[in-house]
Amino acid sequence: MGANFGKRTVVECNGLNLIVTILAIILAVVATFLLTYFLTKNAYDTSKKPGGDDNNDNKEEDNSPSAAELRLPTSVEPVHYDLKVKVYLPNYVNFPQEKDFTFDGDVEMTLKIIEPVKKIVLNMRDIKIDKEHSVFTAGGEKIDIEKVEPLPKLEKVDIVLAKPIEKGKDAKLKLIYTGIINNKLGGLYQTTYHEKDGTKKVAAVTQLEPTDARGFLPCFDEPHLKATWNVTVIHPKGTNAISNGIELEGGRTEDGDWITTKFTQTPRMSSYLLAVMVNEFEYIQGKTKSGVLFRIWSRPDAKSMTQYALYAGIKCLEFYEKLFDFKFPLEKQDMVALPDFSAGAMENWGMITYRENSLLYDERLYGPMNKQRVALVVAHELGHQWFGDLVTMKWWDDLWLNEGFATWVEFFGIDVISDGHWRMPEYIILDALTQGLTRDSVARSHPLSFRIDKATEVFEAFDSISYGKGASILRMLSAIIGADTFHKGIAHYVSKFAYKNAQAADLWQAIDEVVENVEGPNGKMKVLEYADQWTAQMGFPIVTVSSFNDTHVKITQERYKKNPKAKDPEKYSRPKYGFKWEVPIWYQEGKEKVQLAWLKREEPLYLKSKPDEPIAINAERNGFYRQNYDAKGWEKLSKQLHQNHEIYSTKTRNAIISDAYAAALVDKVPYETVFELLSYVKKEQEFLPWQEALNGFFNVLEFFGNEPEAKSAKKFMLRLLEPIYKKSSLKHIEDNYKKEELFFEIVAAPLRAKTYCYGVKEGGDAVYKKVFCLCVKDRSIQLGV
């Protein structure tokens with residue numbers, strides 16, 4: 001999934017005074033210039049990636065059922081589903097009013113009996129089964145269903161049979177049921193929009209990850225229980241139906257007021273990837289070089305905003321087919337823009353759904369950030385078609401295999417979409433790496449692969465650890481063994497586990513099988529042994545470089561933790577590796593090329609050094625760790641940056657700035673040292689270092705609040721910004737600011753919500769009425785830009 005659950009960007013008018021907002025706008029203008037000037041990206045969609053309060057170390061007691069209670073028995077597995085659903089959307093055809101926003105279901109499951117059973121246990125929620133018309137057969141013999149017993153608390157239903165079924169018998173279970181088209185953005189739910197003339201329209205669409213398939217049909221709703229699906233949708237005349245498969249030739253028939261649409265059979269897939277939609281949407285289409293039909297669906301009024309998504313989707317899919325050496329296995333790929341959607345996007349196989357602002361783009365309305373957001377989300381979700389759909393984690397405790405991979409590959413996908421102009425592989429360090437480090441620095445983190453004890457932990461797994469840290473660990477491993485070898489290992493993993501499920505150990509083993517002659521921390525690189533310490537325990541190290549003698553420096557490690565006194569969750573507090581890691585140390589001494597050495601878990605690393613040459617570690621910022629130095633080390637780095645910062649790459653400079661702030665946050669270095677180092681950026685012309693400098697500065701500014709120090713901090717940063725501001729040739733914005741009418745005419749779409757907010761706050765009733773009308777009419781507000 002391309003988003004956290006229910007997270008939306010919220011504009012608030014509180015606390016900060018107007019001068020901070022003006023400073024923010026100036027910095028945003030400078031950042032926008034940098035974005036355009038360097039063809040990269042200055043902000044990332046908070047609705048796309050998991051967010052929330054990563055620094056919140058408090059957690060309420062969880063009284064939900066245990067994960068073990070919710071798991072299904074292992075005695076029966078699904079092989080195939082034949083699903084027929086009749087969807088009752090009002091205002092199209094006549095039917096009894098009590099059927100409004102309901103659906104009728106008819107599902108026949110082909111089952112594999114693993115062990116003798118007398119009871120079939122399925123997942124089910126908010127569904128009513130018609131026992132009298134449901135049928136069970138085994139070996140061609142009809143067997144009575146004695147009882148249908150729902151278990152609401154456990155989201156299960158017991159289908160009790162008249163007699164036991166032997167192991168190995170061919171069995172089929174046919175259930176007739178009804179359900180509700182809800183307004184809760186999960187299961188089969190309502191999504192509403194208004195046409196230009198004000199007419200309200202309602203569509204019905206599914207959102208089933210992680211555990212909402214059971215709200216659409218009784219089923220085996222666990223990711224490892226894959227099956228093939230045949231789907232038929234009966235929908236009102238005047239609507240369309242789409243699903244994972246393409247419409248069968250001759251599969252659309254009319255019967256009075258109702259249309260029946262049948263779809264081709266899916267490959268083996270998990271239940272949460274099933275997708276169905278009934279709508280009045282329209283689409284544009286194209287084809288990939290390999291013949292995959294590509295369609296972009298939207299409400300009719302937004303159809304003109306779908307062209308870029310079609311271009312990006314086709315180009316990205318073609319690239320992934322080559323990268324993974326595995327052809328996309330479906331005949332078509334639909335991408336659907338939804339007015340109401342809890343996530344940023346959802347990777348349903350063959351029918352990806354998106355929040356509108358993650359798929360629609362019109363260059364006449366929106367700037368480069370919005371274009372990049374569309375490309376990035378499209379690249380993420382198409383990556384899931386291989387990582388998540390074709391190869392799926394066995395259980396939610398390895399969710400990062402889905403989300404970390406999709407996050408890692410999205411930056412390559414968007415680089416191809418933009419023909420390299422946006423330099424997106426660099427941006428991963430500002431997005432995935434930064435999010436992962438931030439989330440993993442608090443006590444209430446969790447390992448990448450972790451034991452799920454409570455049902456709520458399934459939802460909590462959709463966070464910056466699974467996405468950001470997962471992608472960063474993959475990137476680090478790629479840097480160690482080489483990109484070509486890593487890509488070869490990934491292609492081997494995809495081929496080996498296609499249409500199956502995998503665990504983290506399966507991934508490492510697959511990569512191990514292609515690694516040759518790569519030096520690891522203890523001789524030949526063994527990926528399985530090395531990677532486990534990064535996935536089985538939470539946290540990461542801060543690596544400190546200190547002077548040892550005139551010819552060597554000493555490098556040591558300890559866990560980086562924002563609040564050392566905060567208590568770790570009990571089940572993660574005593575990992576077998578003791579919060580120690582084998583750390584790949586990429587280092588650069590002076591102008592020399594970057595080299596790799598290994599810091600082992602239980603002993604320091606000694607590196608040769610020249611007395612007057614600075615050593616920068618985590619050069620190129622490939623490692624998932626923080627760097628720190630003794631006072632002399634920071635002084636030499638700062639001096640070098642002021643004399644000639646360009647001996648370091650932009651990624652290395654970004655790392656130095658980011659880690660200086662991080663070290664100060666945990667009292668490893670005084671802030672005076674950080675600001676002395678930071679003052680070099682007035683000569684900086686690259687985006688990556690500037691973005692890190694601004695991010696850290698705003699964190700410091702937030703810390704100061706309304707204290708007197710805040711004023712001095714703002715003046716300090718504005719002095720650093722002055723050279724790049726003058727170079728940007730944006731003085732006309734400053735001039736226009738003095739003319740209120742002109743200033744508000746040029747407010748960019750992403751800034752309008754904040755601008756409207758302050759207009760209401762400061763302007764009184766008359767301004768409120770005018771601003772309210774602007775908000776209603778402004779499409780950038782409606783799309784959540």
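The figures follow:
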{"read-out": "Count of the stretch 237-252 residues which are over 18 Å from Ser298 (Cα atoms) and small (Gly, Ala, Ser)", "value": "3"}
{"read-out": "Scope the stretch 265-287; condition more than 20 Å from Leu338 (Cβ to Cβ) and either surrounded by 16 or more Cβ atoms within 10 Å (Cβ to Cβ) or among the basic types (Lys, Arg) (or both); matching residues", "value": "Thr266, Pro267, Arg268, Met269, Ser270, Ser271, Lys287"}
{"read-out": "Which numbered condition Gly140 misses (of (1) exposed (fewer than 14 other Cβ atoms within 10 Å of the Cβ); (2) under 24 Å from Lys226 (Cβ atoms))", "value": "(2)"}
{"read-out": "The lone exception for Gly482 - which of (1) assigned by TED's automatic domain parsing to the domain that holds Leu637; (2) free of Cβ contacts under 8 Å to residues at least 40 places away in the same chain; (3) more than 17 Å from Trp581 (Cβ to Cβ) it fails", "value": "(1)"}
{"read-out": "Any hit, the stretch 546-555, residues being of a type in the set (D, E, K, R), more than 30 Å from Pro223 (Cβ to Cβ), surrounded by fewer than 17 Cβ atoms within 10 Å (Cβ to Cβ) and in contact with a strand residue (DSSP E or B) (Cβ under 8 Å, 6 or more places away or on another chain)", "value": "yes"}
{"read-out": "Residue ID - nearest to the chain's Cα centre (by Cα), chosen from residues in the stretch 481-496 that are over 12 Å from Phe324 (Cβ atoms) and crowded, with 17+ Cβ neighbours inside 10 Å", "value": "Phe486"}
{"read-out": "Positions within the stretch 583-618 being closer than 21 Å to Ala631 by Cβ and among the small types (Gly, Ala, Ser), in sequence order", "value": "Gly590, Ser609, Ala616"}
{"read-out": "Residues that are assigned to a helix (DSSP H, G or I) and of a type in the set (Gly, Ala, Ser), drawn from the stretch 472-488", "value": "Ser472, Ser478, Ala479, Ala483"}
{"read-out": "Cβ pairs under 9 Å, 6+ apart, first in the stretch 690-701 and surrounded by fewer than 19 Cβ atoms within 10 Å (Cβ to Cβ), second part of a helix (DSSP H, G or I) and of a type in the set (Lys, Arg)", "value": "Leu701/Lys714"}
{"read-out": "The stretch 184-200, subset polar (S, T, N, Q) and surrounded by 13 or more Cβ atoms within 10 Å (Cβ to Cβ), residue nearest to Phe216 (Cα to Cα)", "value": "Gln190"}
{"read-out": "Strands (runs of 3 or more DSSP E) fully within the stretch 537-620 counting 1 or more residues that are in the same structural domain as Ser649 (by TED's automatic domain parsing) and among the polar types (S, T, N, Q)", "value": "541-547, 552-559, 583-589, 595-599"}
{"read-out": "Residue within the stretch 272-285 that is among the charged types (D, E, K, R) and in contact with a strand residue (DSSP E or B) (Cβ under 8 Å, 6 or more places away or on another chain) present", "value": "yes"}
{"read-out": "Any hit, the stretch 170-186, residues being in a strand (DSSP E or B), more than 27 Å from the chain's Cα centre (by Cα) and among the polar types (S, T, N, Q)", "value": "yes"}
{"read-out": "Residue among Arg373, Arg364 that alone is without any contact (Cβ under 8 Å) to a residue 12 or more places away in the chain, assigned by TED's automatic domain parsing to the domain that holds Gly245 and farther than 23 Å from Ala204 by Cβ", "value": "Arg364"}
{"read-out": "Selection within the stretch 564-594 - in contact with a Pro (Cβ under 7 Å, 6 or more places away or on another chain) and not β-branched (Val, Ile, Thr)", "value": "Tyr572, Trp581, Glu582, Gly590"}
{"read-out": "Number of the condition not met by Arg214 [criteria: (1) among the basic types (Lys, Arg); (2) touching a helix residue (DSSP H, G or I) at 6+ places or on another chain (Cβ under 9 Å); (3) surrounded by fewer than 17 Cβ atoms within 10 Å (Cβ to Cβ)]", "value": "(3)"}
{"read-out": "Residue count, the stretch 59-103 (criterion: assigned to a strand (DSSP E or B) and in the same structural domain as Asn182 (by TED's automatic domain parsing))", "value": "15"}
{"read-out": "Sole residue being modelled with pLDDT of 85 or more, in a helix (DSSP H, G or I) and surrounded by 15 or more Cβ atoms within 10 Å (Cβ to Cβ), chosen from Val669, Val760, Val674, Val771", "value": "Val674"}
{"read-out": "In the stretch 678-732, the residues that are under 35 Å from the mean Cα position of the chain (by Cα) and acidic (Asp, Glu)", "value": "Glu684, Glu686, Glu692, Glu702"}
{"read-out": "Residue within the stretch 509-532 that is without any contact (Cβ under 8 Å) to a residue 60 or more places away in the chain, among the small types (Gly, Ala, Ser), in contact with a Leu (Cβ under 7 Å, 6 or more places away or on another chain) and surrounded by 20 or more Cβ atoms within 10 Å (Cβ to Cβ) present", "value": "yes"}
{"read-out": "Strands (runs of 3 or more DSSP E) within the stretch 223-264 that include 3 or more residues surrounded by 18 or more Cβ atoms within 10 Å (Cβ to Cβ)", "value": "228-236, 240-243, 258-263"}
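Yes or no, residue by residue, for (1) out of contact with any strand residue (DSSP E or B) (no Cβ under 8 Å at 6 or more places or on another chain); (2) among the β-branched types (Val, Ile, Thr):
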residue: Pro368; (1), (2): yes, no
residue: Leu376; (1), (2): yes, no
residue: Glu381; (1), (2): no, no
residue: Trp386; (1), (2): yes, no
residue: Thr392; (1), (2): no, yes
residue: Trp396; (1), (2): yes, no
residue: Leu399; (1), (2): no, no
residue: Asn402; (1), (2): no, no
residue: Thr407; (1), (2): yes, yes
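Per-residue answers, yes or no, for (1) assigned to a loop (DSSP other than H, G, I, E, B); (2) within 23 Å of Ser466 (Cα to Cα):
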{"position": "Ala343", "(1), (2)": "yes, yes"}
{"position": "Trp349", "(1), (2)": "yes, yes"}
{"position": "Asn357", "(1), (2)": "no, no"}
{"position": "Arg364", "(1), (2)": "yes, no"}
{"position": "Met369", "(1), (2)": "no, no"}
{"position": "Gln372", "(1), (2)": "no, yes"}
{"position": "Gly383", "(1), (2)": "no, yes"}
{"position": "Asp389", "(1), (2)": "yes, yes"}
{"position": "Thr392", "(1), (2)": "no, yes"}
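Here's the yes/no breakdown for (1) surrounded by 19 or more Cβ atoms within 10 Å (Cβ to Cβ); (2) at pLDDT 95 or above:
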| position | (1), (2) |
| --- | --- |
| Leu18 | no, no |
| Ala24 | no, no |
| Leu39 | no, no |
| Lys49 | yes, no |
| Ser75 | no, yes |
| Gln97 | no, yes |
| Asp100 | no, yes |
| Thr110 | no, yes |
| Ile114 | no, yes |
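The values are calculated or read from the model by the stated rules, or taken from the named source; none is laboratory data. If you're wondering where the values come from, they're calculated on a predicted model, not measured in any experiment. Note that we place each Cβ from the backbone using ideal geometry, even for glycine, and neighbour counts take in every protein chain shown.
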